[in-house]
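Each remark here refers to the structure printed beneath this line.
The values are calculated or read from the model by the stated rules, or taken from the named source; none is laboratory data. Here the structure is a predicted model, which is why all the values come from computation and not from measurement. Please note: Cβ atoms are built from the backbone with ideal geometry, for glycine as well, and neighbour counts cover all protein chains shown. To get the accessible areas, we keep the full protein, side chains included, count just its heavy atoms, and leave off ligands, DNA and RNA. Shrake-Rupley method; radii C 1.70, N 1.55, O 1.52, S 1.80 Å.
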Amino acid sequence: MMYGLAALISFAIVFATVPPLRKLALRLGFVDRPTSRKIHRKPIPLMGGAAIFAGCVVTMLLFVGFTPLSWTIVIGGFVLVAVGLLDDAWKATGREFPVWPRVIIYLAAASVPSMFHIQMAGIASPINGYFYSFDGWFSWLATSLWVFALINMINFIDGVDGLASGVCTLSSLTLLAAALMTGRSDAAMLAVIAAGVSIGFLIHNFYPARIFMGDAGATFLGYTLAVIAVDGTLKRATFISMLVPLLALGLPILDTSFVMLRRLMSGKGLHHADKLHTHHTLMKWGLNQVQTVSFLYLISALFALMSIILLLAIG
């Protein structure tokens, strides 16, 4: 019952906050302007990330209070949303925010979970069950790389109306199931809150989108999902249970892997934006935005189903 109430409150905060933020963004000219690389053909407001952050943090503090997990989300999330809004502000002027300052800030945010002891502590052997603890530096490195990767992966798939928010909804619900089955109640609460804010935003963001989450929202959701995965399943993982979050987040992981491989093969820099993502390819094949998003929802749902089946098998 508490999980349902948390989902409802987080949903309501985002759903109610987006319209006034949209009006404010239009008044300030805080919009994503069309370019040759982008799909939309008119300026779209960019302040969705602020609503997502507010809905997640307020609801989490109401239901969880000030815990290591909530401090992790507040501190790391605030840093990402702040730089994301700055990045979005540059987009509004038709410029691109420099890559390396973003990378440095993303890496700094990715190290926040380890500051609160939310990190991969080790792995259990599938043969004898012996638990191999990671050294402190390796635990920090593995956790930071995982979080940094998810921050970017969710940001990368945010290229079609409703795609990132819909995929985050499915991934959050899958991680919710994993956290409940492993008895991680705080991670489960954060997962259901992430699902609530994602659905609340999706209503405004599905085609034709009336607002974008921007880098602020996408990086924050990626960060949140990464932290949920670590706290819910990866802290003391077995070899098999490590596959659960990988499957739950299978679509953004696969999409990013394919894009990085294509960029390497074409000799492009890994950080250069292009139209090599899966959603771009599907639209080149003739699918419209709704068909593209629906197909990718189906793929994400299949990954989620495989994750749940694996959970049941090892549970």
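Tabulated data for the structure shown
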read-out	value
Failed item, numbered, when Ile104 is tested on (1) assigned to a helix (DSSP H, G or I); (2) closer than 29 Å to His204 by Cα; (3) over 16 Å from the mean Cα position of the chain (by Cα); (4) of a type outside the set (Asp, Glu)	(2)
Failed item in (1) closer than 28 Å to Thr67 by Cβ; (2) surrounded by fewer than 24 Cβ atoms within 10 Å (Cβ to Cβ), with Phe206 passing the rest	(1)
Close pairs (6 angstrom Cβ cut-off, 6 or more residues apart or separate chains): under 19 Å from Thr17 (Cβ atoms) and at pLDDT 90 or above in segment 31-53, acidic (Asp, Glu) and part of a loop (DSSP other than H, G, I, E, B) anywhere	none
Thr174 out of contact with any Leu (no Cβ under 6 Å at 6 or more places or on another chain), part of a helix (DSSP H, G or I), closer than 17 Å to Val14 by Cα and polar (S, T, N, Q)	no
Residue in segment 112-134 that is of a type in the set (Val, Ile, Thr), farther than 19 Å from Asp32 by Cβ and touching a helix residue (DSSP H, G or I) at 6+ places or on another chain (Cβ under 7 Å) present	yes
Flag for Val64 being open to solvent by less than 50 Å² (accessible area, probe 1.4 Å), under 19 Å from the mean Cα position of the chain (by Cα) and under 20 Å from Gly196 (Cα atoms)	no
Residues of segment 200-229 classified as under 20 Å from Leu46 (Cβ atoms), among the aliphatic types (A, V, I, L, M) and modelled with pLDDT of 95 or more, total	7
Unique match (being basic (Lys, Arg) and closer than 22 Å to Gly162 by Cα) among Arg27, Arg41	Arg41
Positions within segment 128-161 being without any contact (Cβ under 8 Å) to a residue 24 or more places away in the chain and either part of a helix (DSSP H, G or I) or open to solvent by less than 30 Å² (accessible area, probe 1.4 Å) (or both), in sequence order	Gly136, Trp137, Phe138, Leu141, Ala142
Residues being open to solvent by less than 10 Å² (accessible area, probe 1.4 Å) and out of contact with any helix residue (DSSP H, G or I) (no Cβ under 9 Å at 6 or more places or on another chain) - total across segment 70-101	0
Flag for Thr219 being within 14 Å of the chain's Cα centre (by Cα), among the β-branched types (Val, Ile, Thr), open to solvent by less than 30 Å² (accessible area, probe 1.4 Å) and over 23 Å from Leu305 (Cα atoms)	yes
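A quick yes/no check of all residues on (1) more than 11 Å from Phe201 (Cα to Cα); (2) open to solvent by less than 10 Å² (accessible area, probe 1.4 Å); (3) in contact with a Pro (Cβ under 6 Å, 6 or more places away or on another chain); (4) among the hydrophobic types (A, V, I, L, M, F, W, C):
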site	(1), (2), (3), (4)
Gly4	yes, no, no, no
Leu8	yes, no, no, yes
Thr17	no, no, no, no
Pro34	yes, no, no, no
